[in-house]
Structures are given as structure tokens and as C-alpha cells.
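Single-structure report; data block below.
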């Protein structure tokens with residue numbers, strides 16, 4: 001059996017530590033610079049009376065709802081996740097599943113809000129549609145993706161986080177860890193405490 005769990009955690013650590021960050025022009029930026037910029041965008045939205053909106057599917061929606069609560073409760077920012085089951089199934093049924101986020105963003109987003117779009121594959125049509133609608137509304141966009149390095153979500157945000165792995169578990173846990181890190185550091189965490 002060996003130390004398979006230890007190897008698992010080493011792989012997870014590597015996937016998280018080596019996540020790649022880019023700006024809207026596709027230029028590489030450091031994790032610290034990307035994280036700081038996300039904090040600035042979220043605080044600016046809140047200070048202007050706006051909000052942070054999270055979207056994702058499946059496990060990514062679990063991350064979205066968790067982080068929306070943490071950004072509100074711990075970070076003191078207005079944040080929400082567009083994951084209500086009744087709304088999602090209504091819109092999926094009445095329009096199409098590809099529109100479950102774009103319709104809600106059309107209704108609720110405004111200029112200066114921040115959309116945080118989470119997709120392991122980076123190619124989910126409903127997530128990509130939500131990003132396009134957020135852009136049309138004048139919202140800022142932050143993306144979290146994985147799997148293939150040419151996924152379309154990876155180049156869709158003002159700030160983009162990409163986890164180089166083909167396995168859902170590593171991508172999802174890395175996304176959640178990075179989001180927790182962004183918020184915790186923004187709230188003042190430092191390694192000296």
C-alpha cells in the first residue's frame with residue numbers, strides 16, 4: 001500500500017501551490033498579486049453598494065455557496081451564490097440549463113459587481129454564459145478553472161486562477177483552498193501568528 005495518502009496530499013499541495021494566475025490580457029501574475037487584486041475588486045464592489053456573486057456547478061457550487069457565506073460573515077462584504085435549487089430548475093426547464101446563471105445575472109448583477117465563476121473543466125456553457133452576461137452588465141470577473149490549459153474560462157476574467165490537474169478532487173480542493181487563502185489573507189492572516 002505504501003504511503004498513498006501522503007502522495008495524494010503531496011499532489012494536492014503541488015496542484016494548489018503551482019496554480020497559475022493571469023490577468024485579462026493573459027499575462028502571468030503572481031498568486032499574491034492576483035489574490036490582492038481579487039480582494040481589491042471585492043472591497044470596491046462592496047464599498048460602492050455592490051456585491052460579489054459566486055457561480056458553479058456540482059462541487060463547484062458547493063464551493064460557491066460556502067465562500068459566499070464566508071465572504072459575507074467573515075469578510076464583511078455583500079456576497080451571494082446563485083444556487084437556489086428552485087430557481088435553477090425553473091430556469092433550466094423554462095429556458096435551458098445553459099441559461100441558469102445568465103438569466104439570474106441579468107436580473108441581479110450591476111456595473112461594478114464582481115462575479116466569481118468556478119468550473120473545474122472551464123467549459124461549462126452555463127458558467128461561460130454567466131461570464132458573458134456579467135461582462136455585458138459591467139461587472140468584474142474572476143475565474144477558477146482546471147483540466148485543460150486551453151479551457152475557455154481560463155481567459156475570460158479580469159483575474160484567472162488555473163489549477164493544472166485533470167482530476168476533479170484536486171481541482172476542487174485547490175479552488176476552495178485558494179479562495180479561503182484570498183479571504184483569510186485579506187482579513188489579516190499572516191504566517192507569524
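Annotations for the structure displayed:
- Helices (runs of 4 or more DSSP H) enclosed by the range 1-110 - at least 3 residues per element that are farther than 23 Å from residue 156 by Cβ and modelled with pLDDT under 95: 4-17
- Checking each residue in the range 133-157 for being farther than 17 Å from residue 18 by Cα and in contact with a helix residue (DSSP H, G or I) (Cβ under 7 Å, 6 or more places away or on another chain) picks out 133, 134, 137, 140, 141, 142, 152, 153, 156.
- Residue that is surrounded by the fewest Cβ atoms within 10 Å (Cβ to Cβ), among those in the range 16-31 that are under 12 Å from residue 178 (Cβ atoms) and within 16 Å of the chain's Cα centre (by Cα): 20
- Residues of the range 97-111 satisfying the condition of being surrounded by 14 or more Cβ atoms within 10 Å (Cβ to Cβ) and either in contact with a strand residue (DSSP E or B) (Cβ under 8 Å, 6 or more places away or on another chain) or farther than 19 Å from residue 49 by Cα (or both): 97, 98, 99, 100, 101, 102, 103, 105, 109
- Residue satisfying all of: in the range 44-94; surrounded by fewer than 17 Cβ atoms within 10 Å (Cβ to Cβ), touching a residue at least 40 places away in the same chain (Cβ under 8 Å) and farther than 21 Å from residue 172 by Cβ; farthest from the chain's Cα centre (by Cα) among these: 48
- Exactly one residue out of 122, 138 is in a loop (DSSP other than H, G, I, E, B), touching a strand residue (DSSP E or B) at 6+ places or on another chain (Cβ under 7 Å) and either farther than 13 Å from residue 54 by Cβ or at pLDDT 95 or above (or both), and it is 122.
- Restricting the range 112-132 to residues that are out of contact with any helix residue (DSSP H, G or I) (no Cβ under 6 Å at 6 or more places or on another chain) and touching a residue at least 40 places away in the same chain (Cβ under 8 Å), the residue that is surrounded by the fewest Cβ atoms within 10 Å (Cβ to Cβ): 124
The values are calculated or read from the model by the stated rules, or taken from the named source; none is laboratory data. In this text the structure is predicted, and so the values were computed from the model without any measurement. A quick note on method: Cβ atoms are made from the backbone with ideal geometry, for glycine too, and the neighbour counts reach across all protein chains shown.
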